[in-house]
Structure formats: structure tokens, C-alpha cells
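The values are calculated or read from the model by the stated rules, or taken from the named source; none is laboratory data. Note that the structure is a prediction, hence the values are computed from the model and not measured. All Cβ positions, even for glycine, are placed from backbone atoms using ideal geometry, and neighbour counts span all protein chains on display. For accessibility, only protein heavy atoms count, side chains too; no ligands or nucleic acids. Shrake-Rupley method; radii C 1.70, N 1.55, O 1.52, S 1.80 Å.
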Amino acid sequence: MAHAPSLSNAAATAAIDAVTALLNAGTVNLYTTPIPADANTALTSQTLLATCTFANPAFPAAVAGVATANALVNDTDANASGTAAFFRAFTSGAAVMFQGTCGASSSFDCVLSNVAIVQHGTVSITSCVLTVVTS
């Protein structure tokens, strides 16, 4: 028999709240391609473009398996120039919690005011969302 677990809204919300609590004062690092298979896959040729900082608390309580970050602190001195393709969310102790895609519309996990990042420029994240699929 194939595995096909699914979480209830309550379980998904509890899972997200546990993860997002670890992100208080953590960071969102923005990178170029290639996008790793998952958040456990080591980075290789990706370039770190910028680092924005989560607030404390990083997220309000999740609702039905979805949490949207509180306003993040801009990076006012981007590390490098390039196009942001994905991000990784880190605890303040530098542990990776999750990764997702970057873009300029709400169809992405991390919405930026501009995905074309210029070294030493200011980078602003307008939205960062973590979703756990429910039943």
C-alpha cells in the first residue's frame, strides 16, 4: 500500500507555528539558480545575493496551515548582483528551516519588490509565506 498521509488544518497549523517560532530574529538569504532539490541539499554554485532579517516574532499564528511573515528588515547593502530565484529561511543560530521560490508576484513563496538585485543596493521582501498542505 502506498503512503498517503495528510494533515488536518489543526496539525498543519501546529507544525508551522513550531517552525516559525524558531525563526524569530533569523534571516532570509536570497540566492541565484540552480534551485536545490530541497532545503537539505547543500548549496553549490549559487550566489548569495542578500540577507533580510525576520522580526521577533517572525510570524503571527498560522491559519489553516499557512503563515505569512511579519515585516522583514531590508538588506541595505546587498552582497552581489543577480536575479533572486530562491531563498532559505534560517534560525538566528544559522540552522536552515525551509526554502522556497522568489518572484515579484504572490504566486511565489517570497515576494520581492524587485528580483533583479544590485550589489550594495537595498533589497526589500514584501511577503514571505510558509504553507503546509492539508487534507
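Tabulated results
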| item | result |
| --- | --- |
| Sequence-distant residues sharing a close amide H with Leu7 (under 5 Å, placed H) | Ser135 |
| Calculated [θ] (222 nm, deg cm²/dmol) that DSSP helices of n ≥ 4 give over the chain, each run adding -39,500 (n - 2.57) | -3000 deg cm²/dmol |
| Angle in degrees between helix 9-21 and the longest Cα principal axis of the chain, rounded to the nearest 10 | 40 degrees |
| Per residue value of the accessible surface for the chain (all protein chains in place, 1.4 Å probe), Å² | 51 Å² |
| Under-5 Å amide H pairs with Asn24, H placed in peptide plane, nonlocal only | Ala58 |
| Amide H partners (placed H, <5 Å) of Thr32, local residues excluded | Thr47, Leu49, Ala85 |
| Spacing of the two label points (7 Å from each Cα toward its C-beta) at Val118 and Thr47, in nm | 1.5 nm |
| Solvent-accessible area, 1.4 Å probe, carbon plus sulfur percent, for the range 20-87 | 56 percent |
| Extension gain (nm, one decimal) between Val133 and Ile35, 0.36 nm per residue minus Cα-Cα | 33.2 nm |
| Extension gain, Ala10 back to Met97 (0.36 nm per residue minus Cα-Cα distance, nm) | 29.3 nm |
| Rounded FRET efficiency, nearest 0.05, which uses the C-beta distance separating Ala104 from Ala18 and R0 of 30 Å | 0.50 |
